[in-house]
Amino acid sequence: MNITLGVLGEKTIVQRVQEIAEQFPSIDVLPFVLSESCNAAVRAEGAMMCDALLFTDYSSYSEALKQKRQQIMLYIAYDEYSILSSILRIGQLSKKKCISIDYPEDIKHIDFKDDIAMTEYDFISASYTKQSCFNVQMLIDFHKDLFLQKKIDLILTSRRDVYNGLFQEALPVHYIPMSDKRIYQALEKVVQTLEVQKHSTGLVVTGILFLKESLPIHMHHQIHTEVRKYVSTFCQKYEAILLPNKDNHYFIIGTSKLIKVIKENYRDFPFIDEVEKLAGCSIGLAFGLGLNPLSSQKNAFMALEACRSDRHSLSYLVNECQEIIGPIGQRKHIDTNKLFHELVHQARLNNELSYLFIQFIVERNNEPFSSNDIAMFYQVSKRSAERTVKKLLSGEIIKISGKESPYSKGRPRKLFSLNQ
């Protein structure tokens, strides 16, 4: 698969992206150098021929995102390594050893403050949210006031627009460069995203909806009419075909739009609740993915057997590798009070990390996870995530539950689940 990737940003970092992209034979980089972040949307208009766009800063990405373009758009995000290495490198120029710094809010302060505490530097920090990323003057004033009050003698910023504003006022400001690691990871994500998209668009999904109880004769026609009407509306919305029902079964055939809505509603599927309400009884909803209608139908019948395993409403999906996924749309019970107690007393995590892990587990609906999932979810380093996983294993909070197939060459990642 050949990918034409438009890279938008300042000349220096665009050139670095081009150099690192040479490690990806499938990527052809088209450079779009930005003089200012505000012209990102205009420059993106000239990249219509690209399969995807990669922005080197979030503000440019946000500006282009407003256009709601059909292309895949990603941006390179900072990590704590970039910030820490910049502090240690630039800090040597500070006479007072007092530095002000700004960084994105999704970088966890805890991931680099302990390392800084081991040095002689003091720093005053300010984080900014993605929503407030356009409030440039607020960050400029933050640094400027600290310098004028002689609380710091050096400024470190992760924003090019803030750097330009402070530089024009002749203040001692330095820019945090993006690490090669983050550039490489962003390019990896581009490849993975387009591979998944290409694979998904060629798949067919067959759904089998059935009522788990026989309907009273006098209600049979009315209930099936209401169910059929609701399912038909659902199919029209997601460009799927509804075949005539037989023996309380409805067959649904769709492609990418139906696959997308299944993925988006993996943890909470309102469709199941609505059909159950209309039918007045438990239902089963089986999905099968395949490269053609016959293979997707075969996998749907496999999922159908899984749906029959319980008298309650269930939904399962069997993918093209014939792996059973689910139950879909069903929230798993997690005793958060008990889990918090175990995290603090058995895994020896502090309160903040304990709450974060509970949030992670609840949002993922207690699905198996890897250390990489934790790193991606909280935007922390892989090493930081692996340290947390080791504590959870030693405290017997989690257990190894399997391995996942790697996206590229290399060892498959271990998967973990709660030890409950």
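The values are calculated or read from the model by the stated rules, or taken from the named source; none is laboratory data. Being a predicted model, the structure only gives us computed values, none of them experimental. Every residue, glycine as well, gets a Cβ built from its backbone with ideal geometry; the counts of neighbours run over all protein chains shown. Surface areas here come from the heavy atoms of the whole protein model, side chains and all, with no ligands, DNA or RNA. Shrake-Rupley method; radii C 1.70, N 1.55, O 1.52, S 1.80 Å.
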For the stretch 325-399, list the helices (runs of 4 or more DSSP H) that sit wholly inside it and hold at least 2 residues that are surrounded by 13 or more Cβ atoms within 10 Å (Cβ to Cβ), touching a residue at least 40 places away in the same chain (Cβ under 8 Å) and more than 24 Å from the chain's Cα centre (by Cα); which are they? 336-345
Quick one: what pairs do we get from the stretch 253-270, first residue within 20 Å of Leu294 (Cα to Cα), second modelled with pLDDT under 75 and β-branched (Val, Ile, Thr), C-beta under 7 Å, 6+ apart or different chains? Ser256/Thr201
Options Ser214, Ser179, Ser232, Ser256: the member that is closer than 30 Å to Tyr163 by Cβ and of a type in the set (Ser, Thr, Tyr): Ser179
I'd like to verify a number: residues in the stretch 17-38 that are closer than 17 Å to Lys189 by Cβ, open to solvent by less than 60 Å² (accessible area, probe 1.4 Å) and either touching a residue at least 60 places away in the same chain (Cβ under 8 Å) or touching a His at 6+ places or on another chain (Cβ under 6 Å) (or both), how many? 6
Which condition number in (1) surrounded by 15 or more Cβ atoms within 10 Å (Cβ to Cβ); (2) at pLDDT below 75; (3) in contact with a helix residue (DSSP H, G or I) (Cβ under 8 Å, 6 or more places away or on another chain); (4) within 29 Å of Asp51 (Cβ to Cβ) is the one that Glu195 fails? (3)
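Residue under question is Asp335, and the condition is that it be touching a Pro at 6+ places or on another chain (Cβ under 9 Å) and of a type outside the set (A, V, I, L, M, F, W, C); does it hold?
no
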Do you know which of the residues in the stretch 117-137 that are open to solvent by 60 Å² or more (accessible area, probe 1.4 Å) and more than 21 Å from Ala77 (Cα to Cα) is modelled with the lowest pLDDT? Met118
Going residue by residue through the stretch 202-216, is there one that turns out to be open to solvent by 40 Å² or more (accessible area, probe 1.4 Å) and part of a helix (DSSP H, G or I)? no
Here is a check on your reading of the model: is Lys113 of a type in the set (Lys, Arg), assigned to a loop (DSSP other than H, G, I, E, B), modelled with pLDDT under 75 and open to solvent by 70 Å² or more (accessible area, probe 1.4 Å)? no
Hey, among Glu404, Glu323, which residue is at pLDDT below 80, closer than 30 Å to Phe271 by Cα and in contact with a strand residue (DSSP E or B) (Cβ under 6 Å, 6 or more places away or on another chain)? Glu404
Which one of these does Gln185 not meet: (1) assigned to a helix (DSSP H, G or I); (2) open to solvent by less than 60 Å² (accessible area, probe 1.4 Å); (3) under 30 Å from Asn372 (Cβ atoms); (4) not charged (D, E, K, R)? (2)
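Residues that are more than 26 Å from Lys229 (Cα to Cα), loosely packed, with under 14 Cβ neighbours inside 10 Å and among the small types (Gly, Ala, Ser): does the stretch 309-316 have at least one?
yes
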So, in the stretch 274-302, of the ones that are polar (S, T, N, Q) and in a helix (DSSP H, G or I), which residue ends up farthest from Leu209 (Cα to Cα)? Ser295
